[in-house]
Amino acid sequence: MTQPRIAVFARLANGDAAPTRLITGQNTLLGRTIHGLAYNPTRDEIVVPNALADAVLVFRAAAAGSEHPLRVIEGPHTLLVTPHAVSLDLRNQEILVASLTGRRINVFRWDANGDAAPVRLIEGPKTELGHVVGLAVDPERNLLAVANTHEILIFNRTDNGDVAPRGRIAGPKTGITDEPWQMEFYKGRIFLAASNHFHQNLYDGVTLRPDATDVPDDPWLNPILGFMGIWNITDNGDVAPLAMIRGPFSGLIHPVGLALNPKDGEVYVSDSVKNGVLGFLVPQFFPQEKPNVNSDGRQSK
Amino acid sequence: MPERRTAWLMSAGAALMFIGGCFNLFFRATPSLFHFGTQASVASDDAADDDDSCADTTELAMAMTAWRQTQQRGIHSALSTEVETAPVGGDIAPARSVVDAYASLHSVAVDPDANQVMVSDSNRGAIFFYNRSAGGNSSQIANPERVIRGPSTGMMFVAGIALDTTDREVFAVNNDIGDRMEVFPYDVEGNTKPKRVLSVPHGAWGVALNPMRKEVAVSIEHPNTVVVYRREATGSEAPLRVLRGPETELADPHGIVVDTGHDEMLVANHGNWAPLTREEEQAQGGLRGGHFALPSINTYAIDAKGDDKPIRKIQGAQTQLNWPMGLSLDATHDEIAVANYGTNSILAFRRNAGGDVAPLRVIRGDRTGILGPMGVAIDVKNDELWVTNYRDHTAVVFARTANGNVAPKRVLRNAPAGTPAVGFGNPGAIAYDSKRGQILVPN
C-alpha cells in the first residue's frame, strides 16, 4: 500500500509475474488504501475509491498508463468520507460505496459524475455501521450485505436513512473475529475474505488515545487464521459458513481481497501476509442452474 | 565401476527421497509435533533468540500455529451442519499464486563513512545492508552483508528509513497497518528485536532525523500530518508536536527530509486531501469533500506545528512532479533530489526553490534503469546518487550530477536480471475482468 496503482494480471499468471498492464501516475488520481474495486461488465468500466481524497473514480476497463478517469465522483454533495469499499448493482445500475470513518453507505447512479448527491444514504446509530470494508448486493432478493467491524450485516437493498439491519451473521461459529474485508455475491451466497487480523492503533487519528500503553503486537502475527467463507445471504445469527478455504496449505493467513470467476470455477483471494494473490479452483462453490427438463428427459429450450 | 557408483548413488537418492517423503507425510499428518513458535511480540524476550529469518518459513509457522489453535477450539475447516447441501471447501491448496519471492526495494540510505548502504524491503519486511560499492554490471544477485528480517523485528511494509550515522542506528517506519517505527543498531542481523519501538499514527511513510534537536519526524499519509518525536521516543510516547491542518497544505505526504543547516523540513506531497473523519468535516462547518491538489514539495520551519503554513512550495506544471516519493538533501551543493515515481525519473532542484520551477536536472529514459523509483539518497562523499526501484529488483547508482537519459554506474540486483517484479503492497481488494480474463489488483 505504499504506492498507489492498479496492476492487471492474466488470469493464469503464477509465481513472480509481471503485470500485463498498469494504471499509474498522477493523472489517474489514484491514491493508496484502495480497499475496493469493482468491474462493470455491462459498461466495461472499473470503479475504484480514493479514500484519501474522498472520491470515487470510474475508468475504462482497458485503461492503461497515466490515464485519467472517465468520471470522478467528488465534492461536498457526495457526502463521501474516507470511501473504502465499492460494489456494483448491475441490475439497478447503481454504485454502492462504504465510507469507513463516515460510517455510512452511499448509493449513486452508476453514471454519476462530479459533485453528485447519493440517491440513498444508510447512516445513523441504528445502522450499527462501523469499520466497513466490504459490500455485496443481491438484486434478486433486494438485499445488501455489509462486512462490518466484526460481523456481516444484512440490509434491504433499498434501505435509506437511519435503519436497523434486518439480519446479522456474527458469533463464534462464523469464525469471523476482526475486520471482515472484501465481499462478493453469487446466486444467493455471500463470499467473504475474513481477514481476522487484529489491528490496534494507539492513535485516534493523530491523537494518542488516553489509555495507550504498550505498542500493540504486529496485527499480522495474530494466530487466529483468516479464511474465505461462504454464507447464504438469508443466514442470520451465529451461523457457520457453508464452506470455507482455510488452513496452512491454502496459503491464506490474513486474506483481504476477493473476486469471483464463476465461469472457470475460480476464486481469487489476496492475502496481507503473503502479499500476493492466490487463485483457487473450486467449481463446487458455484452451483449451476438446474436445466429445465421435459417429461421425456430432454432439456427444454 | 562407474555403473556401480551410479547404482549406489541412485539407491542413496531413493532412500533420501523415501525418508523425505515419510517426513512430509508425517509432518502433514501431525503438524502439532513440530514447534514453529507462537505469536511473536516485539517486546517479548523469548522471541529474541528465534533464529528463523526466512519470511516464507515465518508465514508457514504462523499458519501452522493458527491452524493448531483452530483445531483445538473445534472450529472446523469446512462444513457446517448443512453439510448435505454445502459446497465442499477446506484446506485447499491454491492452483496459482502470484507472489514475489524477492524483496521489493523501497527506500535507501547511505552511510559513506561506514561504507554501508541500507535498503528497506516492503515485500518481506526487511532491511538489507550492502557494502557501498556493491553491484556492478552483473546480471546476478548482489549479496547483502546483513539482513534484518523475521517476526521478532516487527517489520511488515517497511517504507521510509533514516540513518543516525553518529550513533549508528537505522530508523524504519511501517506503512499500512504496522503503525510503528523500529530502531535497530547497525550491527544486528537476522530475526532480532528492535532496540526501540515507537507507536505512530496510521499511514506512516517517511522518516527523517534531526541530530541537532535530537528529534525524529514522521510523515503520515491519511491525516495529512507530520509528527515529531524525541529521537529516543519509545512505546506509546506522545509526539512533541504535530503539524496538521488546512493551512499546512500537506496533502498525502510521503518523503521527508530535515535540513539542519537552515532549520527547515521538506515534505513531498501527492496532492490527495480529505478530512479524516465525518466529525472533522462537520467541525469545519459542514461537509466540504476532498480534493485533488497538484503534487508539491513543501518546506516548513523546523519547529512548525499546528496549522502552520509552508515557507515555500515547489508546485506546478514546470516542476514535472508526479507522485513524488523519497527525498534526499545535498547540503554541500544546496540541492534536493526527488524520486519521481509517476514518470520513472529523478528530479534535482535547488534546495531553496519555490513556485512553478523547472528542475535543475532530470534523470529519465530507457537507459537509466529507473522503474518505479521509491527511494533516493545522495552520497556527497563519493559523488553518487542512489535510487531504489519498486518496479524492478534493483537499486541503481548514478554520478551525483547525472542528467538526462544516462546509464547507471552500477546496478545492485536483489534478483537475477529479468526477474519480474510483482510489485504488490498489501493488495486490499481485487476484481476480475470477465471480458478480458484478467485479475485487477490495486495497492
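Odds and ends about this structure:
- Among the residues of the stretch A:95-152, those that are without any contact (Cβ under 8 Å) to a residue 40 or more places away in the chain, on the phi > 0 side of the Ramachandran plot and within 14 Å of another protein chain (Cβ to nearest Cβ) comprise A:Arg103, A:Gly124.
- Every residue from the stretch B:88-135 that is among the polar types (S, T, N, Q) and assigned to a loop (DSSP other than H, G, I, E, B): B:Ser104, B:Asn115, B:Ser122, B:Asn123, B:Ser133
- The residues on offer are B:Leu327, B:Leu294, and the sole one that is surrounded by 15 or more Cβ atoms within 10 Å (Cβ to Cβ), assigned by TED's automatic domain parsing to the domain that holds B:Ala114 and under 30 Å from B:Thr419 (Cα atoms) is B:Leu327.
- Of all residues making up the stretch B:251-264, the number that are part of a loop (DSSP other than H, G, I, E, B) and either small (Gly, Ala, Ser) or farther than 18 Å from B:Asn175 by Cα (or both): 5
- Test: residue in the stretch B:413-429 that is outside any loop (DSSP other than H, G, I, E, B) and within 25 Å of B:Gln116 (Cα to Cα): yes
- Residue count, the stretch B:394-443 (criterion: more than 20 Å from B:Ala109 (Cα to Cα), modelled with pLDDT of 95 or more and of a type in the set (Phe, Trp, Tyr)): 1
- Checking the stated criteria, B:Ala348 turns out to be more than 25 Å from B:Ala142 (Cβ to Cβ) and in the same structural domain as B:Phe128 (by TED's automatic domain parsing).
- If only residues of the stretch A:211-256 that are of a type in the set (D, E, K, R) and free of Cβ contacts under 8 Å to residues at least 60 places away in the same chain are counted, the one that is nearest to B:Leu198 (Cα to Cα) is A:Asp214.
- Total residues in the stretch B:157-170, condition surrounded by fewer than 24 Cβ atoms within 10 Å (Cβ to Cβ) and within 16 Å of the chain's Cα centre (by Cα): 1
- Residues within the stretch B:231-248 that are surrounded by 19 or more Cβ atoms within 10 Å (Cβ to Cβ) and in a loop (DSSP other than H, G, I, E, B), tallied: 2
- Residue within the stretch A:217-238 that is of a type in the set (Asp, Glu) and under 15 Å from A:Ala147 (Cβ atoms) present: yes
- Taking the stretch B:343-411 and the strands (runs of 3 or more DSSP E) fully enclosed by it, the elements with 3 or more residues that are of a type outside the set (Val, Ile, Thr) and buried (at least 16 other Cβ atoms within 10 Å of the Cβ) are at B:345-350, B:373-379, B:384-389.
- Applying the condition of being in a loop (DSSP other than H, G, I, E, B), at pLDDT below 95 and closer than 26 Å to B:Tyr229 by Cα to the stretch B:265-306 and asking which residue is farthest from the other protein chains (Cβ to nearest Cβ) yields B:Pro275.
- Residues of the stretch B:219-249 classified as within 8 Å of chain A (Cβ to nearest Cβ) and of a type in the set (D, E, K, R), total: 2
- Residue within the stretch B:151-168 that is of a type in the set (Phe, Trp, Tyr) and out of contact with any His (no Cβ under 9 Å at 6 or more places or on another chain) present: no
The values are calculated or read from the model by the stated rules, or taken from the named source; none is laboratory data. The model shown is predicted, which means the values in this text are computed figures rather than measured ones. Glycine also receives a Cβ, built like all others from the backbone with ideal geometry; neighbour counts cover every protein chain displayed.
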